[in-house]
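Comments concern the structure below.
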Protein chains: 2
Amino acid sequence: MARQAKAASYQLMKVSSDIKDRSLLEMASSIKQHASTILKANKRDIALLRKRKNISQAFVDRLRLNEERIGAMVQAVRDVAGARDPIGEVKRMWKRPNGLQIGKITVPIGVICIIYESRPNVTSDCAALTLKSSNAVILRGGSEALYSNSALYTAMKKGLKRAGELPEGTVNFIDTADREAVGYLLTLDEFIDAVIPRGGEGLIKAVAEQSRIPVIKHYKGVCHLYVDRFADCDMAEKICINAKVERPGVCNAIETLLVHKDKASIFLPRVIHALKRKKVEIRGCEKTRAIVSKGVKKATEEDWFTEYLDLILSVRVVNSSEAAITHINRYGSHHSDAIVTENIHEAMRFLQEVDSAAVYVNASTRFTDGGQFGLGAEIGISTDKLHARGPVGVDELTTYKYIVFGSGQIRT
Amino acid sequence: MARQAKAASYQLMKVSSDIKDRSLLEMASSIKQHASTILKANKRDIALLRKRKNISQAFVDRLRLNEERIGAMVQAVRDVAGARDPIGEVKRMWKRPNGLQIGKITVPIGVICIIYESRPNVTSDCAALTLKSSNAVILRGGSEALYSNSALYTAMKKGLKRAGELPEGTVNFIDTADREAVGYLLTLDEFIDAVIPRGGEGLIKAVAEQSRIPVIKHYKGVCHLYVDRFADCDMAEKICINAKVERPGVCNAIETLLVHKDKASIFLPRVIHALKRKKVEIRGCEKTRAIVSKGVKKATEEDWFTEYLDLILSVRVVNSSEAAITHINRYGSHHSDAIVTENIHEAMRFLQEVDSAAVYVNASTRFTDGGQFGLGAEIGISTDKLHARGPVGVDELTTYKYIVFGSGQIRT
């Protein structure tokens, strides 16, 4: 399969935008047509899942499909078809003194392997984004969604076959729950150019450690809001509630609130009161507990590292902006962090010194998202520094090459 | 050391261009001042090397320093000081419908570990380029150059200390030949953000396989020249001689000449004659040997994969441009490949379909080089596809982050 994907990737280098977009639209239509088959397969996955122990309702919910969710998947693929082609863009072209004309042009990466868990929409999202960027893809979903993903893949393949313009091997799916398959895939650096794991920390760590192929990682989001001594308290409260409560289970929600000591006695009582009304559990440092004694648990060292993904917030009072920045760089996951301040110097310092993919002044961290940034659909949020940082969309699924036009130049 | 480098990297995020450039100039002066000590240390390395068996003269030559080479190293560091600062460049800034202003800005990667062999100039080149891009660096040179590198490092450190404006831990050097040190370094993903191995294929493979840290690889250069049926024979010959002979020991020299069958009987006799006058050994396919029978060895399957780094050239007659492109993508190392043709369609197809870091029309592959491309000094030529492809200069030693300016926006 990997060999066939590599062969397809060379064909994909020359496929036009029109062909890609037509194929994507056929893929979308075919998913829609086969909705009932996909839903039936999904019921089977859910039934199997219910027989397992220790499965949370949230986990079952993530896996469950319905007409509406399939409609959203179909629309997502159509949106990708309608977006601009990231391939063949000459980023820059310049002339050298010897007359050589050198250009830097975007090209596909080649073969991308995506290893993911749970939500079946990842199957169609990833197939669409990799195809749009002229890459071949090998999809490997979680065992808990095997029937759903398999039915979805079959529908997509039928659509692609009907379009009939792309090489066999463009979109591939590993139709087995066998765990050894992943270990084997990660050795195939001859055929696979990049691996993108999507899922829990365990999955991503395991892939990163095993892989001989470059990995684009999406680690956890331990995001912070820092309320500076020059903060507007109303704005700070509004942003804090939004960043914690609007959707606590996602990676760009905050886990820790840092408050400057000069602001703590004014700001902490009101924000903690507001958070508690939203049913948020508070875990505070000593200074926080000295200000708000009632109903604030003691935060441990472990708390500062923790991605709760839940209605829990750790709170710490810091002596200075430097201390806030040091805390964020030390305990955070370099994902998204925000300052609330009215002071330009504090704002600029925070932007410069916080070592994260997205750094905010006076806005909620919840905006870290390809769509919200205006970059289009994304495969995930990279916490890596090489190649892609932050939202990974079609542009991050490309690489570049240099093209050089000469008239017989030699080097002497 | 890695921990100290990480701490330094956070300080470096806020260091100005002026400070960096002053420090580089002091570093350069100090290398110059300590030239005699460095030369003495180099003599010691050379003496030790001569006691070892199976050491080629070329290897000794690469290691040897003299006044002139030290002068070139000093100048290289000064040139880096004089170049533009790659950090803090806002690549793009845009406004979202909700008023958020989002910018993509270049920032340092953090801590870079460079593992290299032989030439001592790598020590000063890499220190200069990583410092220019505001990264901390951990240098690990080859055991054969330990005294030279160590003396050079001591001189550089003295210069940095005299400048006195950078944190301790900015430039670090592993002062031991202990091989276990490398294995240990490659596990320190908490402190080191990227690893760049420079040297033979064995070193790079070993680093890539062991490392838990992302690696920017520089594999071999199996480069091709394809002489199309629409080629100008004079131009093709001139380029072929240049790309093979001017400096055969470098990665952007060609190893294989591909010739379209319609051109073979005209072009092969003259080019092989010219190559032989330059003492190039020819290894040809059956068709080549049918045209030029005298003094052409038989090429084996192995030859097509081989980077000779020597005055040897494999030659193959191909039936079509497709066949040439397929050969290059299959046997090449995705480094630099050129077509000679007068035909626009052949040229454009070659540019599009050859999957290499640099693809040329009517010019020698020898131009793949940061300086020749006008990109400034380079650490090497990446044959990877993620993050950096082709010349790795100061721009490739940066990453980016998103900075977001709001006025209280929340996501709903």
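Is it fair to say B:Ser134 is in the same structural domain as B:Leu25 (by TED's automatic domain parsing), crowded, with 24+ Cβ neighbours inside 10 Å and on the phi > 0 side of the Ramachandran plot? Reasoning before the result, please.
Numbers: in the same structural domain as B:Leu25 (by TED's automatic domain parsing): yes; crowded, with 24+ Cβ neighbours inside 10 Å: yes; on the phi > 0 side of the Ramachandran plot: yes.
When the stated conditions are applied, B:Ser134 passes them.
Being within 7 Å of another protein chain (Cβ to nearest Cβ), without any contact (Cβ under 8 Å) to a residue 24 or more places away in the chain, of a type outside the set (S, T, N, Q) and not in a strand (DSSP E or B): is that true of A:Arg411 here?
Numbers: within 7 Å of another protein chain (Cβ to nearest Cβ): yes; without any contact (Cβ under 8 Å) to a residue 24 or more places away in the chain: yes; of a type outside the set (S, T, N, Q): yes; not in a strand (DSSP E or B): yes.
It is true that A:Arg411 is within 7 Å of another protein chain (Cβ to nearest Cβ), without any contact (Cβ under 8 Å) to a residue 24 or more places away in the chain, of a type outside the set (S, T, N, Q) and not in a strand (DSSP E or B).
Give me the pairs, please: first residue somewhere in the range A:68-91 and more than 17 Å from A:Ser30 (Cβ to Cβ), second residue anywhere and of a type outside the set (A, V, I, L, M, F, W, C) and in a helix (DSSP H, G or I), beta-carbon distance under 6 Å, and either six or more positions apart or on two chains.
A:Asp85/A:Ser17; A:Pro86/A:Asp395
Condition check: β-branched (Val, Ile, Thr) and assigned to a helix (DSSP H, G or I). Does A:Ile19 satisfy that?
Working: β-branched (Val, Ile, Thr): yes; assigned to a helix (DSSP H, G or I): yes.
Spelling it out, A:Ile19 is indeed β-branched (Val, Ile, Thr) and assigned to a helix (DSSP H, G or I).
Which condition number does B:Pro197 fail, the rest of (1) touching a Pro at 6+ places or on another chain (Cβ under 6 Å); (2) more than 11 Å from every other protein chain (Cβ to nearest Cβ); (3) of a type outside the set (S, T, N, Q) being met?
(1)
Sort out which residues of the range B:202-213 are touching a residue at least 60 places away in the same chain (Cβ under 8 Å) and more than 14 Å from every other protein chain (Cβ to nearest Cβ), and write them in order of number. Full working, then the answer.
Step one: list which residues in the range B:202-213 are touching a residue at least 60 places away in the same chain (Cβ under 8 Å), which gives B:203, B:207, B:213.
Matches in the range B:202-213: B:Leu203 only.
Can you tell me which residues in the range B:374-393 are at the interface with chain A (Cβ under 7 Å from one of its Cβ atoms) and surrounded by fewer than 21 Cβ atoms within 10 Å (Cβ to Cβ)?
Of everything in the range B:374-393, just one residue is at the interface with chain A (Cβ under 7 Å from one of its Cβ atoms) and surrounded by fewer than 21 Cβ atoms within 10 Å (Cβ to Cβ), namely B:Gly374.
Out of all the residues in the range B:98-133, which are over 24 Å from B:Ile204 (Cα atoms) and under 20 Å from the mean Cα position of the chain (by Cα)? Steps first, answer last, please.
Residues of the range B:98-133 that are over 24 Å from B:Ile204 (Cα atoms), as a first pass: B:98-107, B:132.
The one that is over 24 Å from B:Ile204 (Cα atoms) and under 20 Å from the mean Cα position of the chain (by Cα): B:Lys132.
Whether any residue in the range A:171-184 is under 29 Å from A:Tyr308 (Cβ atoms), without any contact (Cβ under 8 Å) to a residue 60 or more places away in the chain and either more than 14 Å from chain B (Cβ to nearest Cβ) or not hydrophobic (A, V, I, L, M, F, W, C) (or both) is what I want to check. Break it down into steps so the answer makes sense when it comes.
As a first pass, look at the range A:171-184 and keep what is under 29 Å from A:Tyr308 (Cβ atoms): A:179, A:182.
Then keep just the ones that are without any contact (Cβ under 8 Å) to a residue 60 or more places away in the chain; that gives A:179.
Next cut, either more than 14 Å from chain B (Cβ to nearest Cβ) or not hydrophobic (A, V, I, L, M, F, W, C) (or both) only: A:179.
Within the range A:171-184 (the criterion being under 29 Å from A:Tyr308 (Cβ atoms), without any contact (Cβ under 8 Å) to a residue 60 or more places away in the chain and either more than 14 Å from chain B (Cβ to nearest Cβ) or not hydrophobic (A, V, I, L, M, F, W, C) (or both)), the answer is yes, since at least one residue qualifies.
Can you find a residue that is closer than 22 Å to A:Ser356 by Cβ, in contact with a Gly (Cβ under 7 Å, 6 or more places away or on another chain), in contact (Cβ under 8 Å) with a residue 12 or more places away in the chain and of a type in the set (A, V, I, L, M) anywhere in the range B:389-407?
yes
Return the pairs, sorted by first residue and then second, in which the second residue is at pLDDT 95 or above and among the basic types (Lys, Arg), the first residue lies in the range B:306-328 and is on the phi < 0 side of the Ramachandran plot and surrounded by fewer than 18 Cβ atoms within 10 Å (Cβ to Cβ), the beta carbons are less than 6 Å apart, and the residues are 6+ apart or on different chains.
As it stands, the answer is B:Leu311/B:Lys279; B:Asn319/B:Lys261, since those pairs meet every condition given.
Quick check on this structure: which one of A:Val182, A:Val195, A:Val171 is of a type in the set (A, V, I, L, M, F, W, C), under 30 Å from A:Gly159 (Cβ atoms), within 23 Å of the chain's Cα centre (by Cα) and modelled with pLDDT under 95?
Details: A:Val195 fails: modelled with pLDDT under 95; A:Val171 fails: modelled with pLDDT under 95.
Of A:Val182, A:Val195, A:Val171, the one residue that is of a type in the set (A, V, I, L, M, F, W, C), under 30 Å from A:Gly159 (Cβ atoms), within 23 Å of the chain's Cα centre (by Cα) and modelled with pLDDT under 95 is A:Val182.
Conditions: (1) without any contact (Cβ under 8 Å) to a residue 40 or more places away in the chain; (2) over 30 Å from A:Phe350 (Cβ atoms); (3) surrounded by fewer than 22 Cβ atoms within 10 Å (Cβ to Cβ). B:Glu342 meets all but one. Number of the miss?
(1)
Has the range A:240-252 got any residue that is farther than 30 Å from A:Pro197 by Cβ, β-branched (Val, Ile, Thr) and not in a strand (DSSP E or B)? Walk me through it before giving the result.
Let us first name the residues in the range A:240-252 that are farther than 30 Å from A:Pro197 by Cβ, namely A:240-241.
Then drop every residue that is not β-branched (Val, Ile, Thr), which leaves A:241.
From the residues that got through so far, the ones that are not in a strand (DSSP E or B) too are A:241.
Checking the range A:240-252: at least one residue is farther than 30 Å from A:Pro197 by Cβ, β-branched (Val, Ile, Thr) and not in a strand (DSSP E or B).
Of all residues being modelled with pLDDT of 90 or more and within 19 Å of the chain's Cα centre (by Cα) in the range B:214-235, which is nearest to the other protein chains (Cβ to nearest Cβ)? Just the residue, please. Even if it seems obvious, please write down each step before you answer.
As a first pass, look at the range B:214-235 and keep what is modelled with pLDDT of 90 or more: B:214-216, B:221-235.
From the residues that got through so far, the ones that are within 19 Å of the chain's Cα centre (by Cα) too are B:214-216, B:221-224.
Values: B:Pro214: 5, B:Val215: 8, B:Ile216: 7, B:Gly221: 14, B:Val222: 15, B:Cys223: 13, B:His224: 14 Å.
The extreme case among them is B:Pro214.
Among the residues in the range A:33-47, are any within 30 Å of B:Ala324 (Cβ to Cβ) and of a type in the set (Gly, Ala, Ser)? Walk me through how you get there before you give the answer.
Step one: filter the range A:33-47 for residues within 30 Å of B:Ala324 (Cβ to Cβ), giving none.
There is no residue in the range A:33-47 that is within 30 Å of B:Ala324 (Cβ to Cβ) and of a type in the set (Gly, Ala, Ser).
Would you be able to tell me the number of residues in the range A:207-261 that are among the aliphatic types (A, V, I, L, M) and surrounded by fewer than 21 Cβ atoms within 10 Å (Cβ to Cβ)? Steps first, answer last, please.
The first filter runs over the range A:207-261 and keeps only residues among the aliphatic types (A, V, I, L, M), leaving A:207-208, A:213, A:215-216, A:222, A:225, A:227, A:231, A:235-236, A:239, A:241, A:243, A:245, A:250, A:253-254, A:257-259.
Filter once more, so that each one left must be surrounded by fewer than 21 Cβ atoms within 10 Å (Cβ to Cβ): A:208, A:235, A:241, A:245, A:250.
Residues in the range A:207-261 being among the aliphatic types (A, V, I, L, M) and surrounded by fewer than 21 Cβ atoms within 10 Å (Cβ to Cβ): 5 in total.
So which helices (runs of 4 or more DSSP H) are wholly in the range B:146-217 and hold at least 1 residues that are over 30 Å from A:Leu186 (Cα atoms)?
Details: elements: B:146-163, B:180-185, B:201-210.
Output list reads B:146-163.
If the requirement is being within 28 Å of the chain's Cα centre (by Cα), modelled with pLDDT of 95 or more and polar (S, T, N, Q), which of these qualifies: B:Thr300, B:Thr256? Steps first, answer last, please.
Details: B:Thr300 fails: within 28 Å of the chain's Cα centre (by Cα).
Answer to the check: B:Thr256.
Take the residues in the range B:236-263 that are more than 30 Å from B:Val394 (Cβ to Cβ) and out of contact with any strand residue (DSSP E or B) (no Cβ under 8 Å at 6 or more places or on another chain), then tell me which one is farthest from the other protein chains (Cβ to nearest Cβ).
Here the residue is B:Asp262.
Quick test for you: out of A:Gly295, A:Gly284, pick the one residue that is of a type in the set (Gly, Ala, Ser), crowded, with 16+ Cβ neighbours inside 10 Å and more than 14 Å from every other protein chain (Cβ to nearest Cβ).
Working: A:Gly295 fails: crowded, with 16+ Cβ neighbours inside 10 Å.
Result: A:Gly284 is the single residue among A:Gly295, A:Gly284 that is of a type in the set (Gly, Ala, Ser), crowded, with 16+ Cβ neighbours inside 10 Å and more than 14 Å from every other protein chain (Cβ to nearest Cβ).
The values are calculated or read from the model by the stated rules, or taken from the named source; none is laboratory data. A quick note: this is a predicted structure, and the numbers were derived from the prediction, not measured. As a convention, Cβ positions derive from the backbone with ideal geometry for all residues, glycine included, and neighbour counts pool all protein chains shown.
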